[in-house]
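Asker: Please see the structure below; I have some questions.
The values are calculated or read from the model by the stated rules, or taken from the named source; none is laboratory data. Since this is a predicted model, take the numbers as computed values, not measurements. Here the Cβ positions follow ideal geometry from the backbone for every residue, glycine too, while neighbour counts run over all protein chains shown.
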Amino acid sequence: MVKIQPAIVWFRDDLRLSDHPGLYEAASRGAPVVGVYVRDEQSRALKPPASRPLGGATRWWLAQSLRALRSSLEAIGGTLVLRTGPAAAVIATLAREINAGTVFWNGIAQAPHQAVAADVEAALARDGVTSEIFSGDLLVEPRAIRNKENRGLRVFTPFWRRVQGLGDPPKPLPAPKQLASISGIASEDLDDWKLEPTWPDWAGGLRESWTPGEAGAQARLKAFLDDGIKGYTDDRDRPDRDGTSRLSPHLRFGEISPRQLWYAARFTAAEHPRLAGDIDKFLSELGWREFCRHLLFDIPDLAERNLQEQFDAFPWKRDARALKAWQRGLTGYPIVDAGMRELWHTGVMHNRVRMVVASFLVKHLLIDWRAGEQWFWDTLVDADTGSNPANWQWVAGSGADAAPYFRVFNPILQGEKFDPDGGYVRRWVPELAQLPDDLIHQPWTATPIELASAGIELGKTYPQPIVDHKQGRERALAAYAKIRGKD
């Protein structure tokens, strides 16, 4: 009887067992399966474009997600090996150690990941080890949606129409029920990777807010489709309501796949036709994530350069004091400050508020969008290499399908429209909690008596606005006029 050589499954941004094509195929061969996650901080620098090192919040999430993945694998007889170093060398060495015949993984359609994967494939081939690569990160691979110039689409609506026109993606695959494994393989200790903060431990709010891992992702999806999807089209714009899916960090780390979201949502729509409109809206948000990933496929330096070159001449201001006030949620504009404080505490920010705070930084303060994108990259648990820079460029007006630069969000009106009772502001800016609804989004208009009765002393207990809205808007438009050649 011929002994089947062991197989390796290389986990990356796909920390799940279900709908994991690489794992599914490896398990189906009947060979012992060894899972590996490589902390590769060296390959980044070998070839441009470099991949981005994780921010603080995503490092915390990764630690929790790896623990969950290890437990899930062990529950079905598998194992997860952790190692540090260039992925090509690490995986080739592991393959030699266990005499592996094949290494399986899911592709990631991003230039840095593709470069590293190509190195892994070449290193394995030199040792006579086969590589098998599968699709699992997207609904549609970027090469399937191109224009006549063989370039990806830059406008969302026709892009999403093309995706939908291709029909349903492949159905999600089940998780293996049992794995054969190998014992005694050397693995590093996750705690030694120091992914989580110790002193100061700023992750308390993250622990309160999230349950990382595949089980947490599936539970969140079920809760959302059972109870949260009704009214999603309108409620998703209300930060004072629990109206969003909160699935983005799970999707970011591949604890759940786009295909699983697609089919679960379609099944719910079939079961409850009255929810079809809300589900279509939810799926279009999944489509936006897809759109941003396709942009990144064509534009690897999306986080570094303006897609619209005229913005290279934009007169950005260097204002460290204003940037710090924005980061700390001390701008004097309650909806902006509430969003920035929510971000620091929970690792996310409501989508509507993300647009407001981004517009405020780029337009009211004239600070380069890249400074805001970098802050979000470090503080968001769902910081995504495609969505984060694409969304910032959308707000700035410099990106694909971008909002026009002259669209300057009024933080007062945005607060009054989407947080009309002030519930969101009261939660995250408690020093304003005693103000009446008609003043909570513009406390500087309150009379001294009204401020005193609410326990507020502007400039001391809560800051005055760091910029006047009207003046900030006019300054932004004047700056934009310069790069348009109108001045």
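Asker: Need at least 3 residues that are closer than 28 Å to R259 by Cβ and β-branched (V, I, T) per element, so show me which strands (runs of 3 or more DSSP E) inside region 1-97 make the cut, counting only ones lying wholly within it. Step through it out loud before you land on a result.
Answerer: On the way: elements: 7-11, 33-39, 80-84.
It comes to 33-39.
Asker: Determine whether A109 is surrounded by fewer than 21 Cβ atoms within 10 Å (Cβ to Cβ), outside the structural domain of G254 (by TED's automatic domain parsing) and either of a type in the set (F, W, Y) or free of Cβ contacts under 8 Å to residues at least 40 places away in the same chain (or both).
Answerer: Details: surrounded by fewer than 21 Cβ atoms within 10 Å (Cβ to Cβ): yes; outside the structural domain of G254 (by TED's automatic domain parsing): yes; either of a type in the set (F, W, Y) or free of Cβ contacts under 8 Å to residues at least 40 places away in the same chain (or both): no.
In short, no.
Asker: Quick check, is R246 among the basic types (K, R), modelled with pLDDT of 95 or more and closer than 23 Å to G55 by Cβ? Full working, then the answer.
Answerer: Details: among the basic types (K, R): yes; modelled with pLDDT of 95 or more: yes; closer than 23 Å to G55 by Cβ: yes.
It is true that R246 is among the basic types (K, R), modelled with pLDDT of 95 or more and closer than 23 Å to G55 by Cβ.
Asker: Given the criterion of a type in the set (A, V, I, L, M, F, W, C), modelled with pLDDT under 95 and more than 28 Å from V381 (Cα to Cα), identify the matching residue among A31, A27.
Answerer: Working: A27 fails: modelled with pLDDT under 95.
Unique residue meeting the criteria: A31.
Asker: Tell me which residues, restricted to region 139-156, are part of a helix (DSSP H, G or I) and in contact (Cβ under 8 Å) with a residue 40 or more places away in the chain. Break it down into steps so the answer makes sense when it comes.
Answerer: Taking region 139-156 and keeping what is part of a helix (DSSP H, G or I), we get 142-144, 156.
Within region 139-156, P142, F156 qualify.
Asker: I need a count of the residues in region 430-478 that are surrounded by 16 or more Cβ atoms within 10 Å (Cβ to Cβ) and either touching a Lys or Arg at 6+ places or on another chain (Cβ under 6 Å) or outside the structural domain of D419 (by TED's automatic domain parsing) (or both).
Answerer: 1
Asker: Output the residues belonging to region 84-110 that are more than 18 Å from P32 (Cβ to Cβ), touching an Asp or Glu at 6+ places or on another chain (Cβ under 8 Å) and not hydrophobic (A, V, I, L, M, F, W, C).
Answerer: T84, G85, P86, N106, G107
Asker: Taking the condition touching a strand residue (DSSP E or B) at 6+ places or on another chain (Cβ under 8 Å), on the phi > 0 side of the Ramachandran plot and either assigned by TED's automatic domain parsing to the domain that holds R427 or acidic (D, E) (or both), does G347 pass? Before you say what the answer is, go through the steps one by one.
Answerer: Working: touching a strand residue (DSSP E or B) at 6+ places or on another chain (Cβ under 8 Å): no; on the phi > 0 side of the Ramachandran plot: yes; either assigned by TED's automatic domain parsing to the domain that holds R427 or acidic (D, E) (or both): yes.
When the stated conditions are applied, G347 does not pass them.
Asker: Would region 435-444 turn up any residue that is part of a helix (DSSP H, G or I), at pLDDT 95 or above and polar (S, T, N, Q)? Give the steps one after another, and end with the answer.
Answerer: Step one: list which residues in region 435-444 are part of a helix (DSSP H, G or I), which gives 443-444.
Pick out the ones that are also at pLDDT 95 or above and you get 443-444.
Okay, now just the ones that are also polar (S, T, N, Q), so none.
No, region 435-444 has no match at all.
Asker: Here is a follow-up. If G128 satisfies all but one of (1) assigned by TED's automatic domain parsing to the domain that holds W61; (2) within 27 Å of V381 (Cα to Cα); (3) part of a loop (DSSP other than H, G, I, E, B), what's the number of the condition it fails?
Answerer: (2)
Asker: Would you check if there is a residue in region 42-49 being within 20 Å of the chain's Cα centre (by Cα) and modelled with pLDDT under 95? Spell out the reasoning first.
Answerer: Applying the first criterion (within 20 Å of the chain's Cα centre (by Cα)) to region 42-49 yields 44, 49.
Right, trim to modelled with pLDDT under 95 and you get 44, 49.
There is at least one residue in region 42-49 that is within 20 Å of the chain's Cα centre (by Cα) and modelled with pLDDT under 95.
Asker: Quick test of your reading of the structure: P86 fulfils all but one of (1) surrounded by fewer than 22 Cβ atoms within 10 Å (Cβ to Cβ); (2) out of contact with any Ser or Thr (no Cβ under 9 Å at 6 or more places or on another chain). Name the failing condition by number.
Answerer: P86 satisfies all of (1) surrounded by fewer than 22 Cβ atoms within 10 Å (Cβ to Cβ); (2) out of contact with any Ser or Thr (no Cβ under 9 Å at 6 or more places or on another chain) except (2).
Asker: Continuing with the same structure: Which residue pairs have Cβ atoms closer than 6 Å, lie 6 or more positions apart in sequence or on different chains, and pair a first residue in region 365-378 that is in contact (Cβ under 8 Å) with a residue 12 or more places away in the chain with a second residue that is surrounded by fewer than 20 Cβ atoms within 10 Å (Cβ to Cβ) and of a type in the set (D, E, K, R)?
Answerer: These pairs meet every condition: L366/K317.
Asker: Just the residues that are surrounded by fewer than 16 Cβ atoms within 10 Å (Cβ to Cβ), assigned to a loop (DSSP other than H, G, I, E, B) and under 24 Å from the mean Cα position of the chain (by Cα), please, taken from region 163-193.
Answerer: Result: D168, P170, K171.
Asker: Scanning region 306-362 for residues that are acidic (D, E) and assigned to a helix (DSSP H, G or I), which turns out surrounded by the most Cβ atoms within 10 Å (Cβ to Cβ)? Spell out how you get there, then give the answer.
Answerer: Here is the first cut: in region 306-362, the ones acidic (D, E) are 309, 312, 319, 337, 342.
From what's left, assigned to a helix (DSSP H, G or I): 309, 312, 337, 342.
Values: E309: 10, D312: 10, D337: 25, E342: 23.
Checking each candidate, the answer is D337.
Asker: Okay, moving on. Within region 267-287, does at least one residue satisfy the condition of being over 18 Å from the mean Cα position of the chain (by Cα), among the basic types (K, R), assigned by TED's automatic domain parsing to the domain that holds W160 and surrounded by fewer than 17 Cβ atoms within 10 Å (Cβ to Cβ)? Break it down into steps so the answer makes sense when it comes.
Answerer: Pass one, region 267-287, residues over 18 Å from the mean Cα position of the chain (by Cα): 267-281.
Filter again for among the basic types (K, R), leaving 274, 281.
The next check asks that each one be assigned by TED's automatic domain parsing to the domain that holds W160; those that pass are 274, 281.
Right, trim to surrounded by fewer than 17 Cβ atoms within 10 Å (Cβ to Cβ) and you get 274, 281.
Yes, some residue in region 267-287 is over 18 Å from the mean Cα position of the chain (by Cα), among the basic types (K, R), assigned by TED's automatic domain parsing to the domain that holds W160 and surrounded by fewer than 17 Cβ atoms within 10 Å (Cβ to Cβ).
Asker: For the structure I just gave you, tell me whether H294 is under 21 Å from F159 (Cβ atoms) and not assigned by TED's automatic domain parsing to the domain that holds L15.
Answerer: Numbers: under 21 Å from F159 (Cβ atoms): yes; not assigned by TED's automatic domain parsing to the domain that holds L15: yes.
Yes; evaluated as a whole, the condition is true for this residue.
Asker: Sticking with this structure for a sec: Scan region 217-271 residue by residue and report those that are assigned to a helix (DSSP H, G or I) and of a type in the set (A, V, I, L, M). Write out each step before concluding.
Answerer: Within region 217-271, the subset assigned to a helix (DSSP H, G or I) is 217-228, 232-235, 248-252, 258-271.
Within region 217-271, A217, A219, L221, A223, L225, L251, L261, A264, A265, A269, A270 meet the criteria.
Asker: Still on this structure, please answer the following. Of all residues in region 170-225, how many are at positive phi and of a type in the set (K, R)? Give the steps one after another, and end with the answer.
Answerer: Residues of region 170-225 at positive phi: 184, 194, 213.
Keeping just the survivors that are of a type in the set (K, R) gives 194.
Residues that pass the stated criteria total 1.
Asker: Given (1) part of a loop (DSSP other than H, G, I, E, B); (2) farther than 30 Å from A433 by Cβ, identify the lone condition not met by I367.
Answerer: (2)
Asker: Inside region 228-281, can you point out the residues that are free of Cβ contacts under 8 Å to residues at least 12 places away in the same chain and touching a Lys or Arg at 6+ places or on another chain (Cβ under 7 Å)?
Answerer: Matches in region 228-281: D235 only.
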